Amino acid sequence: MVFNWFERKAEESPQPEPTPTPASTPEPSPELTDVGTDAPVSAAPEPTPAPAASEEEDEALVWAREAYARLKAQQQAASSPSPPAPAPTPAPSAEPEPAATPEPVAAPAPLPTQAPTPTPSPAPGLSLLEQAAAQRQQRQQDLDDRAREAPPAPTPAPTPAPAVDSEEPQLGDFDQDFTWSAEVLAAQGRRVDQVSLEEIDWLSRLRRGLEKTRQGFVTSLLENLGDDPLTPEVLDDLETLLLRADAGVQATDQVLDALRQRMNEEVVDPAEGIRFLKEQLRGLLDAPIQASGVPLLAPERDRLNIWLMVGVNGVGKTTTLGKLANLAVRSGYSALIAAADTFRAAAVQQVEVWGERSDVPVVSNPSSNADPAAVVFDAIGAARSRGSDLLLVDTAGRLQTKHNLMEELQKVRKIIDRLAPEAKVESLLVLDASQGQNGLRQAMAFAQAAGLTGVVITKLDGTARGGVALAVSSEAGLPIRFIGAGEGIRDLRPFNSFEFVEALLAGR
């Protein structure tokens, strides 16, 4: 029962299919018929042309409610078996009876208790201060004896178990985040029984993470659009908004040219303009992914996969590597980390902490200024001996202008190609979204030195320059593989252009 985030479209669909067939009550399979049944319930839907928009909104809301009810029932069913588990724990009340065995151990305890008893006997010969001290000593000893007997009481301390569950996604209220997330999944062809709490949780995080970019982009866009058809002046304002979001000149020109061509063919109202804009943005983001021939980057089974994380200083390579390791473990893959960042202080210790959080072993060299290529050499051998599916290699941050460091990166890549020619190697550039167009220049430089195969965009939640994803796709021609929209260990997921654009334009 593992939710594979790398192959969620391939592995999630077959799992829910058997569930709806036996359980006809949720009626997810006749999803289209559900919509039809809702229509006859209300007599108004008969004039389909007029209330079409309201019907779509009602259908989306009903769909979201059904998904919420199903997830809530699943969560309650998962929590219901937990109460019986504590029930057997009190049943072994016989275990307190073995506590009688410590009571014979308490037999020696009376010996020390009688030690204070002789002290009160000579009490008449003792001063008041000495008697008070003897009484305090006896009270202290009584407290110690009670403390020794107390440990059996705190035995029902399986309370820390909920702390582990707190890291799991929890079903919140039926709020705007949930309804929007459910609508995005429904628009991708998901049925009610195919909605998972993992995806709802991630889409809510993504929507909140792009809040800053959306505030500057969507708010101004809505003000300029109004209720009138698109005009050349509106397109000029849209060009300014795209450039301000660091979408890049090439991506902006491509989107505006398509919109102008559409305006020359017909009158475009605001709703159609937004829909067409979303199509163009998705096309820009999907073009490099389709050209690569790999729609979703995932480790291959029964084969060593090596992912090399590169980038400049401070973009979050080590943090991204730790999140990828957690994502791989949660998706059912065995992972191994190579701590090849041997120059930054405490870099190895940071990687080890991430490894402990995800229970992933780390290969490192404790000596200072060790050769990164030597660490990679040892890690490849360890990955083969363990039969690991994925080897994540952390590298030191380097500026794209330092040619000697870029050559060292090439050396690491040569070691990988020589030792593991059969491995599937991915070189992922980690970009900080807050760096904007500077990130595009980094992508250009690293693409030549490291043979980049993809990009990971991080820190989208801390900047209004989320449009840099468009610049990377259109000008650098690199596919975006993962995006990070928060600081938590679950705030990194595979990139989906449809979800990204919908979160970017969530106001429309």
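The values are calculated or read from the model by the stated rules, or taken from the named source; none is laboratory data. Since the structure is predicted, the reported quantities are computational estimates derived from the model, not experimental observations. Heads up, the Cβs are rebuilt from the backbone with ideal geometry, glycines too, and the neighbour counts pull from every protein chain shown. Side chains are part of the model used for accessible areas, which takes the heavy atoms of the whole protein and leaves out ligands, DNA and RNA. Shrake-Rupley method; radii C 1.70, N 1.55, O 1.52, S 1.80 Å.
On the stretch given as region 244-268, residues that are surrounded by 14 or more Cβ atoms within 10 Å (Cβ to Cβ) and not in a helix (DSSP H, G or I) total 5. Only residues that are among the acidic types (Asp, Glu) and either within 19 Å of Leu308 (Cβ to Cβ) or open to solvent by less than 10 Å² (accessible area, probe 1.4 Å) (or both) were counted across region 353-388, and they come to 2. Checked against (1) open to solvent by 10 Å² or more (accessible area, probe 1.4 Å); (2) modelled with pLDDT of 90 or more, Asn313 passes all but a single condition, namely (2). Looking at (1) surrounded by fewer than 19 Cβ atoms within 10 Å (Cβ to Cβ); (2) small (Gly, Ala, Ser); (3) modelled with pLDDT under 75, which one does Ala449 not meet, given that it meets all the others? With respect to (1) surrounded by fewer than 19 Cβ atoms within 10 Å (Cβ to Cβ); (2) small (Gly, Ala, Ser); (3) modelled with pLDDT under 75, Ala449 is out only on (1). Leu391 falls short on exactly one of the conditions (1) touching a Gly at 6+ places or on another chain (Cβ under 9 Å); (2) of a type outside the set (Lys, Arg); (3) surrounded by 24 or more Cβ atoms within 10 Å (Cβ to Cβ), and that condition is (1). Yes or no: Arg418 closer than 29 Å to Lys459 by Cα and open to solvent by 40 Å² or more (accessible area, probe 1.4 Å)? Spelling it out, it is not the case that Arg418 is closer than 29 Å to Lys459 by Cα and open to solvent by 40 Å² or more (accessible area, probe 1.4 Å). For region 436-454, the condition of being closer than 24 Å to Asn326 by Cβ and within 18 Å of the chain's Cα centre (by Cα) holds for none of the residues. Condition (residue is of a type in the set (A, V, I, L, M), in a helix (DSSP H, G or I), closer than 30 Å to Trp63 by Cα and modelled with pLDDT of 85 or more) applied to region 206-219: is it met by at least one residue? Among the residues of region 206-219, at least one is of a type in the set (A, V, I, L, M), in a helix (DSSP H, G or I), closer than 30 Å to Trp63 by Cα and modelled with pLDDT of 85 or more, which makes the answer yes. If I filter region 151-197 down to residues being open to solvent by 70 Å² or more (accessible area, probe 1.4 Å), among the polar types (S, T, N, Q) and under 19 Å from Arg330 (Cβ atoms), which single residue comes out as modelled with the lowest pLDDT? In this case the residue turns out to be Ser166.
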